[in-house]
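Read through the structure below, which is laid out as structure tokens, and then see the notes.
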Amino acid sequence: MAFTVEDFRDLVRLLEQRPEWRAELRRYVLTDDLLELPSSMRELAQAERRTEERLEELAQAQHGTEQRMGELAAALESLAGRVGRLDGEALELRYWRRAGAYFSRMARKLRVVDSSDLAQMLDQAVDAGRLTDDERDAILAVDLVLSGQRREDRAEAYFVVEISVGIGVADVTRAAERASLLAKMGRPVVPVVAGEWINGEAVSAADSYRVWQVLDGRTVRPGDGQAG
């Protein structure tokens, strides 16, 4: 017996009236794979959501790691700065305590000029109009000031010493500028840079500005290059 259009319409009406029959008919009409497709799609969607959530967690974790790395880098930079300052202060103390030995090639009867004595002397020069307040402050910022007799002519002189672990052009020019200010006091002044090493540009600048070099106790006259 042939299945007519009317039969199909009757079937549709029955399915509308009996919804529970639809699932039964679906199992006959559709393959198992097609029947399982909605469930598989839901599982895929859930897996995709879990993957996205995991990726978001990883992104947040990476951001947190990057932030912590940035904080660590900043802490290390700060620590390096503090260590550098401590090295510089230790070097200044060493040159101050052993000034007579480190600078003896330049002068005899060397002594460290006490900062309070220097300040009093400079205040008198400001009162007399030989120095400005800014010039006084610049001289007081010198790392070390010595007094003694230059070996070349036995003249009483001051020695303005800028101290740095690594000597650069700025150290050389600062020593020369501050020495020229202190020379307004009427006594010869010798500019000096002291440290552990000096770069090539600073060596050239020292020759140009007639600045002495003292590198870990080795003394170089202006024009003689770098200590060996």
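The values are calculated or read from the model by the stated rules, or taken from the named source; none is laboratory data. Here the structure is a predicted model, which is why all the values come from computation and not from measurement. Cβ sites come from the backbone with ideal geometry, for glycine too, and all protein chains shown count toward neighbours. Ligands, DNA and RNA are stripped out before the accessible areas are found, and what is left, the full protein with its side chains, is counted by its heavy atoms. Shrake-Rupley method; radii C 1.70, N 1.55, O 1.52, S 1.80 Å.
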Exception for Arg136 within (1) modelled with pLDDT of 95 or more; (2) among the basic types (Lys, Arg); (3) open to solvent by 80 Å² or more (accessible area, probe 1.4 Å) falls at (3)
Filtering region 91-115 down to residues that are charged (D, E, K, R), assigned to a helix (DSSP H, G or I) and surrounded by 12 or more Cβ atoms within 10 Å (Cβ to Cβ) yields Glu92, Arg94
Can you find a residue in region 24-42 that is at pLDDT 75 or above and either closer than 30 Å to Gly148 by Cβ or small (Gly, Ala, Ser) (or both)? no
Name, by its number, the condition in (1) open to solvent by 20 Å² or more (accessible area, probe 1.4 Å); (2) touching a helix residue (DSSP H, G or I) at 6+ places or on another chain (Cβ under 9 Å) that does not hold for Arg221. (2)
Of these, Leu182, Leu131, Leu118, which one is touching a helix residue (DSSP H, G or I) at 6+ places or on another chain (Cβ under 6 Å), part of a helix (DSSP H, G or I) and open to solvent by less than 50 Å² (accessible area, probe 1.4 Å)? Leu182
Please work out which residue is nearest to the chain's Cα centre (by Cα), limiting yourself to region 134-152 and to residues that are part of a loop (DSSP other than H, G, I, E, B) and of a type in the set (D, E, K, R). Asp143
Please give the number of the condition Pro188 fails out of (1) surrounded by 17 or more Cβ atoms within 10 Å (Cβ to Cβ); (2) modelled with pLDDT of 95 or more. (1)
Select from region 170-191 the residues that are in contact with an Asp or Glu (Cβ under 7 Å, 6 or more places away or on another chain) and touching a residue at least 24 places away in the same chain (Cβ under 8 Å) and list them in ascending order. Asp171, Ala175, Leu181, Arg187
Condition test on Arg151, is it closer than 13 Å to Phe103 by Cβ and touching a residue at least 24 places away in the same chain (Cβ under 8 Å)? yes
